[in-house]
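What follows draws every value from the coordinates through simple rules; no lab data is involved. Quick caveat, the model's predicted, so the values are computed rather than measured. Because the Cβ atoms are built from the backbone with ideal geometry, glycine has one as well, and the counts that use them run over all protein chains shown.
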Amino acid sequence: MLLCHPWATAGQAVLINGASGGVGTSAVQIAKALGAEVTAVCSTRHAERVRALGADRVIDYTTADFTCEPGRYDVLLDLVGNRSLTACRRVLAPEGVFVSSAGAPGGNWLGPLMWIAKVVVTGLVVSQTMRPLLMRPRRADLEFLAGLAAEGKLRPVIERCHPLTAAAAAVGHVADGHAQGKTVIIVRDHPARTAPVRSAR
Ligand SMILES: NC(=O)c1ccc[n+]([C@@H]2O[C@H](COP(=O)([O-])OP(=O)(O)OC[C@H]3O[C@@H](n4cnc5c(N)ncnc54)[C@H](OP(=O)(O)O)[C@@H]3O)[C@@H](O)[C@H]2O)c1
């Protein structure tokens with residue numbers, strides 16, 4: 001997501017809302033590897049983990065609202081969707097980029113579509129770039145990520161591994177919205193793997 005655009009570069013101020021989840025824990029590491037100054041929004045219980053991934057600054061959403069904090073960001077990656085576009089734009093630089101990977105809070109299936117439409121339409125009338133996150137895998141990006149992984153700069157944060165028989169519980173856990181990294185479902189265990197998979201942190 002950060003790679004698809006030329007804007008997440010060295011020295012850019014990047015804010016990641018939802019930095020402690022499956023996407024956010026990778027986004028923090030990728031943004032740091034690209035040389036950005038990373039501000040992570042997460043709860044108290046995840047603050048140290050997110051700092052350990054490289055975040056320069058943490059905003060605890062249980063005690064502060066990032067849209068009311070001082071500072072302007074070149075890039076705002078929103079993985080939660082709990083703040084209005086107006087509020088998010090308030091902390092975005094005039095030429096900044098807002099990328100949303102989240103649906104608006106609500107619940108029905110129309111919610112995410114309406115949110116995407118709102119992001120796109122808003123982008124037509126403001127100076128900032130407003131984009132929904134639409135992924136198209138590119139070989140160059142995957143090679144870049146493989147390089148980061150090989151250098152130890154990008155490590156998966158795995159919260160739990162579940163057997164396939166517990167898939168429903170695993171999906172339920174992720175759907176609760178409070179995952180602490182990736183949740184893995186093991187479809188077929190590899191015979192060579194004897195030790196349980198643990199979190200990278
Ligand atoms: N996973 C994927 O591969 C994928 C791919 C494309 C798009 N997406 C979309 O990207 C979004 C994020 O996905 P995800 O997989 O990273 O989610 P996730 O793993 O379920 O993580 C959610 C994280 O958000 C945190 N959080 C909850 N409320 C928050 C708040 N108000 N402010 C800041 N952080 C908050 C939670 O931490 P606490 O427990 O501390 O609240 C949790 O760590 C979703 O909308 C998803 O649909 C995901």
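What the table shows:
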quantity: Ascending count of other beta-carbon atoms within 10 Å, so fewest first, for 109, 115; calculated: 109, 115
quantity: Relative exposure of 114, 130, 135, judged by other C-beta atoms within 10 Å (fewest first); calculated: 135, 114, 130
quantity: Of the DSSP H helices in the chain, those whose Cα atoms cover at least 20 Å axially and whose Kyte score averages 1.0 or more; calculated: 110-125
quantity: Approximate spin-label separation residue 139-residue 162, in nm, with each point projected 7 Å along Cα-to-Cβ; calculated: 3.7 nm
quantity: Cα-centred dipole magnitude for the range 20-116, charges only on beta-carbon of K, R (+1) and D, E (-1), debye, nearest 20; calculated: 120 debye
quantity: Loop-resident sites, the range 1-83, for trypsin sites (Lys or Arg not before Pro), counting at most 14 other Cβ within 10 Å (DSSP); calculated: 72
quantity: log10 of Debye I(q)/I(0), alpha-carbon scatterers only, for the range 1-97 at 0.24, 0.25 Å⁻¹; calculated: -1.34, -1.45
quantity: Whichever aspartates and glutamates have a C-alpha closer than 18 Å to that of residue 153, once near sequence neighbours (fewer than 8 apart) are set aside; calculated: 37, 48, 56, 141, 143
quantity: Potential extension, residue 187-residue 56 segment - 0.36 nm per residue separation minus Cα distance; calculated: 43.5 nm
quantity: The range 49-175 - convex hull of alpha carbons, volume per residue in Å³; calculated: 172 Å³
quantity: Neighbour net charge for residue 71 - beta-carbon separation under 13 angstrom, K R +1, D E -1; calculated: -2
